[in-house]
Amino acid sequence: MNRIYHPRSFLSLLLTGFIFVALPLIVALGSAIQILDGLVQHSAVAVFRSAGRVDSCREAADLLNREERSARLFLVLGENEHLDDVAASHREIEELLGQLAALNLSNELTELIEHLQNKERFLVEALTDISGTAAERKRRHEKALTGYREIGSLVEQLERLSNGLMIKEVDALKERVQNNKNTLTWQISGLIGFSVLLVALFMSLISKPVSQLDRGIERLGEGDFSTPIVVSGPHDLEAIGEKLDWLRKRLNTLDREKVRMLAHISHELKTPLSSIKEGAGLLKDGLVGPLSDQQIEVVGILDNNCSKLQKLIQNILDFNMAQAKEIPLDFQDVRVDALVTEVAEDHRNAMLARNIHLKTELLPVRVNGNPQQMKTVIDNLLANAVKFTPDDGEIGIVMRRKGQTLRLIVEDSGTGISEEDRAQIFLPFFQGQQKNRSVVKGSGLGLAISKEYIQHSGGTLRLLPSEQGARFEVVMPCCQDEAS
């Protein structure tokens, strides 16, 4: 299976493209949610730990103050209930400092908590020691109470360290937010770039069959029934392409039948028309008896129109045979400059009658083609130039050679071809809207036949832009054996 897979329908191709383009964006959204969720969780843990540490420090300070008050009351009053309050406060302080140590990640703070615990434990043991005389116990208790000043300074130091740790965690949280922001930016940028590539890919996949259909329809509109119409893409568009190709084949068949029918009709018309012209010629020559002046005039009109009709029928026949590719090629080496000279001699009287000046720049160049067809092309171009050039005007025929290519330019000083007519000038039977001074109206087949002949020889015929008059260019390959 060398054939690339295509969806069954154009709609499925669009849906597939939408899914593939949206997928990176969905991944980017999921990644952003995951990063934000982790950030929120980390922030919550950091805030909870910092708030718990600060609250624990404050609560520890309150409990130590309460413990100190109870100890002083016991020293003054000597009541055991105050000593029980000291023991109760000690237990709460032990538990609270243990919780504070669990919330801590700093070695310095851990050491400070342990030092505070040891100092507080030592003071409580000193207060609850009942050994010795009353005087010794009193001195021991008074000395123990002085240790609460050091404990107070330890608590203040503990609060400062806790606040410092909170500031560090806030800074770390800011740094993490910035890192996550950069990571998210790079991820989204990469995924958006990938989405753009997918968009370009699917635009190509979508536009390719559409452009193939468009080109196929344009070729049908231009009358090109020989180039197959191939559409690669979704199956429904391929089916439309196959129908268009069937239509192309059908139109090609009908076109050939039309050409053959017109050729047959033209050929059949030539036989009776020849008889009419021969009869008119016999009458004109007086072979069937003398004619009056009025009869001679009528016979002349009849003979002249028979010649025009013969030429029109021959043009139609030549054009249809050229389109059907049924003209024998019979290619030879043709001297284009000699053909130009010969055709110019044929139009010499018409140019002299209207004082039209012919300027030529010829080169001894040979091309491979049918001599009669090449002569017809040059004759049609020069005849049009003579027809549309005003009296006392000028016609130019210039030959240029570049490498193995010949350029033959025929231009006149007439009114030129309007912009509306330029696109249709090579269509068969097209007369154009430009009025000319010639009393002889053409068939509209000359340029169409000339273009077909030139294309048969591997060349091109086109209308060049010009400031004045019409300017036609024939481009043909030169003979291979000629020196460059």
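In the stretch 190-243, what count of residues is obtained for those that are under 30 Å from residue 32 (Cα atoms), under 16 Å from the mean Cα position of the chain (by Cα) and among the aliphatic types (A, V, I, L, M)?
So the answer is 7.
I'm checking my understanding of the structure. Among residues of the stretch 1-26 that are among the aliphatic types (A, V, I, L, M) and open to solvent by less than 80 Å² (accessible area, probe 1.4 Å), which one is modelled with the highest pLDDT? Break it down into steps so the answer makes sense when it comes.
Taking the stretch 1-26 as the starting set, the residues that turn out to be among the aliphatic types (A, V, I, L, M) are 1, 4, 11, 13-15, 19, 21-23, 25-26.
Now restrict to residues that are open to solvent by less than 80 Å² (accessible area, probe 1.4 Å): 13-14, 21-22.
On the way: 13: 71, 14: 76, 21: 75, 22: 79.
Residue satisfying both the conditions and the ranking: 22.
Residue-by-condition table, conditions (1) modelled with pLDDT under 90; (2) farther than 27 Å from residue 333 by Cβ:
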position	(1), (2)
393	no, yes
435	yes, yes
448	yes, no
451	yes, no
456	yes, no
479	yes, no
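Looking at residue 94, is it touching a Lys or Arg at 6+ places or on another chain (Cβ under 9 Å) and either open to solvent by less than 20 Å² (accessible area, probe 1.4 Å) or modelled with pLDDT of 75 or more (or both)?
Details: touching a Lys or Arg at 6+ places or on another chain (Cβ under 9 Å): yes; either open to solvent by less than 20 Å² (accessible area, probe 1.4 Å) or modelled with pLDDT of 75 or more (or both): yes.
Yes; evaluated as a whole, the condition is true for this residue.
Among 19, 93, which is the only one that is closer than 30 Å to residue 200 by Cα and part of a helix (DSSP H, G or I)?
It is 19.
What residue, of 412, 346, is of a type in the set (D, E, K, R), touching a strand residue (DSSP E or B) at 6+ places or on another chain (Cβ under 6 Å) and farther than 25 Å from residue 478 by Cα? Step through it out loud before you land on a result.
Details: 346 fails: touching a strand residue (DSSP E or B) at 6+ places or on another chain (Cβ under 6 Å).
Result: 412 is the single residue among 412, 346 that is of a type in the set (D, E, K, R), touching a strand residue (DSSP E or B) at 6+ places or on another chain (Cβ under 6 Å) and farther than 25 Å from residue 478 by Cα.
Would you mind stating whether residue 202 is of a type outside the set (S, T, N, Q), in contact (Cβ under 8 Å) with a residue 40 or more places away in the chain, part of a helix (DSSP H, G or I) and open to solvent by less than 40 Å² (accessible area, probe 1.4 Å)?
Spelling it out, residue 202 is indeed of a type outside the set (S, T, N, Q), in contact (Cβ under 8 Å) with a residue 40 or more places away in the chain, part of a helix (DSSP H, G or I) and open to solvent by less than 40 Å² (accessible area, probe 1.4 Å).
One line per residue, one yes/no per condition, for (1) closer than 30 Å to residue 241 by Cα; (2) of a type in the set (A, V, I, L, M, F, W, C); (3) surrounded by 14 or more Cβ atoms within 10 Å (Cβ to Cβ); (4) at pLDDT 80 or above:
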{"site": "142", "(1), (2), (3), (4)": "no, no, no, no"}
{"site": "148", "(1), (2), (3), (4)": "no, no, yes, no"}
{"site": "154", "(1), (2), (3), (4)": "no, yes, yes, no"}
{"site": "165", "(1), (2), (3), (4)": "no, yes, yes, no"}
{"site": "174", "(1), (2), (3), (4)": "no, no, no, yes"}
{"site": "185", "(1), (2), (3), (4)": "no, no, no, yes"}
{"site": "188", "(1), (2), (3), (4)": "no, yes, yes, no"}
{"site": "191", "(1), (2), (3), (4)": "no, yes, yes, no"}
{"site": "209", "(1), (2), (3), (4)": "yes, no, yes, yes"}
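With respect to residue 126, is the statement that it is touching a helix residue (DSSP H, G or I) at 6+ places or on another chain (Cβ under 9 Å) and of a type in the set (Gly, Ala, Ser) true?
Here the answer is yes, as residue 126 does meet what is asked.
Cβ-Cβ distance below 7 Å, separation of 6 or more or different chains: which pairs start in the stretch 463-484 with a residue that is on the phi < 0 side of the Ramachandran plot and end on one that is at pLDDT 85 or above and among the hydroxyl-bearing types (Ser, Thr, Tyr)?
468/413; 475/405; 475/460; 477/405; 478/405
List every residue pair whose Cβ atoms sit under 6 Å apart, with the two residues 6 or more apart in sequence or on different chains, where the first one lies in the stretch 384-396 and is among the basic types (Lys, Arg) and the second, anywhere, is surrounded by fewer than 18 Cβ atoms within 10 Å (Cβ to Cβ).
What qualifies is 387/436; 387/438.
Just one of 139, 72, 121 is part of a helix (DSSP H, G or I) and either among the hydroxyl-bearing types (Ser, Thr, Tyr) or free of Cβ contacts under 8 Å to residues at least 24 places away in the same chain (or both); which is it?
139
Taking the stretch 327-356 as the region of interest, how many residues are surrounded by fewer than 17 Cβ atoms within 10 Å (Cβ to Cβ) and in contact with a Gly (Cβ under 7 Å, 6 or more places away or on another chain)?
Total meeting the criteria: 1.
Only one of these conditions is not met by residue 132: (1) at pLDDT below 75; (2) surrounded by 15 or more Cβ atoms within 10 Å (Cβ to Cβ); (3) over 16 Å from residue 59 (Cα atoms). Which number is it?
Among (1) at pLDDT below 75; (2) surrounded by 15 or more Cβ atoms within 10 Å (Cβ to Cβ); (3) over 16 Å from residue 59 (Cα atoms), residue 132 violates only (2).
Could you tell me which of the residues 66, 49 is surrounded by 14 or more Cβ atoms within 10 Å (Cβ to Cβ), touching an Asp or Glu at 6+ places or on another chain (Cβ under 9 Å) and at pLDDT 80 or above?
So the residue among 66, 49 that is surrounded by 14 or more Cβ atoms within 10 Å (Cβ to Cβ), touching an Asp or Glu at 6+ places or on another chain (Cβ under 9 Å) and at pLDDT 80 or above is 66.
Pairs only if they're at least six apart or on different chains, beta carbon under 6 angstrom, first in the stretch 75-101 and of a type in the set (Gly, Ala, Ser), second open to solvent by less than 40 Å² (accessible area, probe 1.4 Å); list them, first residue then second.
Here the result reads 89/63; 89/67; 101/113, each pair linking the stretch 75-101 to a residue that is open to solvent by less than 40 Å² (accessible area, probe 1.4 Å).
Being assigned to a helix (DSSP H, G or I), free of Cβ contacts under 8 Å to residues at least 60 places away in the same chain, of a type in the set (A, V, I, L, M) and on the phi < 0 side of the Ramachandran plot narrows it down to one residue among 165, 173, 191, 197; which is it?
Only one candidate passes the filter, namely 197.
Considering the stretch 212-255 alone, what residues qualify as being among the small types (Gly, Ala, Ser) and surrounded by fewer than 16 Cβ atoms within 10 Å (Cβ to Cβ)?
Those that are among the small types (Gly, Ala, Ser) and surrounded by fewer than 16 Cβ atoms within 10 Å (Cβ to Cβ): 221, 223, 226, 232, 239.
The values are calculated or read from the model by the stated rules, or taken from the named source; none is laboratory data. Only a predicted model underlies this, so the values are computations on that prediction, with no experimental measurement involved. Backbone-built Cβ (ideal geometry, glycine too); neighbour counts: all protein chains shown. SASA here: full protein model, heavy atoms, side chains in, ligands and nucleic acids out. Shrake-Rupley method; radii C 1.70, N 1.55, O 1.52, S 1.80 Å.
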